[in-house]
Amino acid sequence: MRTVDQGEAQGIAERLKGKDEKALEELMDAYETEVFRIVQKIVKNILPKEDIQEIVNDAFFQVWKHADTLDEKKGSVRTYLAATARNLAKNRLRNHQGGVFLVQDYDVVEVADVFDTIEQEERKRIVREALEQLSGEEKEIFIRYYYLYETTVEIAARLGLNGNTVKSKLKRGRKKLQAFLKERRIEA
């Protein structure tokens, strides 16, 4: 896995729109480990590793298939990929016989599918607007915790913070988002 900066990610997204297979390879090289981890955290021990890898592959295929709809103004290719992987993992769990899928009641961030209704697009806009109320570090912590399913320990290590600091910032972030949504009379 290699690190990709925002400019390089935008370049990859543009090349994907032109169906450049090398761009897909670069995308997979940059994000496959992260996408695998996201899917694994969602499905926990319910699905075997082979199914997890299939979901990861499907996520990259969906990005490839719908590359022409990528809009950097709505989110980066990384965000789109993570959202796609999350949705595919949740759908697989819903369809898995005998599997139980528990949605965390504190999971505020809901990412919609590519073909969602206008109402869901509006929700995404509101969530993005709400997240803009957070400081840069709070926003990063919030997204890593709720969206990328990283633990507070993982976030603390990645950002060089104390674990309790991460927990405090999450708590403050939730309060800010609740206040923002309450002001707009939106139920969380």
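The values are calculated or read from the model by the stated rules, or taken from the named source; none is laboratory data. Since this is a predicted model, take the numbers as computed values, not measurements. Here the Cβ positions follow ideal geometry from the backbone for every residue, glycine too, while neighbour counts run over all protein chains shown. When the accessible area is computed, the model is the full protein with side chains, heavy atoms only, and any ligands, DNA or RNA have been set aside. Shrake-Rupley method; radii C 1.70, N 1.55, O 1.52, S 1.80 Å.
Observations
- Scanning segment 133-146 for residues that are more than 12 Å from R172 (Cβ to Cβ) and open to solvent by less than 20 Å² (accessible area, probe 1.4 Å) yields a single hit, Y146.
- Any hit, segment 79-88, residues being of a type in the set (S, T, N, Q), within 16 Å of the chain's Cα centre (by Cα) and modelled with pLDDT of 85 or more: yes
- Residues (surrounded by 15 or more Cβ atoms within 10 Å (Cβ to Cβ) and free of Cβ contacts under 8 Å to residues at least 12 places away in the same chain) located in segment 24-56: E54
- Taking residues in segment 154-168 that are exposed (fewer than 14 other Cβ atoms within 10 Å of the Cβ), and partners anywhere that are aliphatic (A, V, I, L, M), the pairs with Cβ atoms closer than 7 Å and at least 6 places apart or on different chains are N162/A156.
- Which listed residue, of H66, H96, is over 30 Å from R185 (Cβ atoms), surrounded by 14 or more Cβ atoms within 10 Å (Cβ to Cβ) and at pLDDT below 80: H96
- Restricting the first member to segment 126-145 and to residues that are without any contact (Cβ under 8 Å) to a residue 60 or more places away in the chain and polar (S, T, N, Q), and the second to residues that are part of a helix (DSSP H, G or I) and surrounded by fewer than 15 Cβ atoms within 10 Å (Cβ to Cβ), the beta-carbon pairs closer than 9 Å and six or more apart or on different chains are Q133/A179.
- Of residues in segment 136-177 being modelled with pLDDT of 85 or more, part of a loop (DSSP other than H, G, I, E, B) and not hydrophobic (A, V, I, L, M, F, W, C), the one nearest to the chain's Cα centre (by Cα): T151
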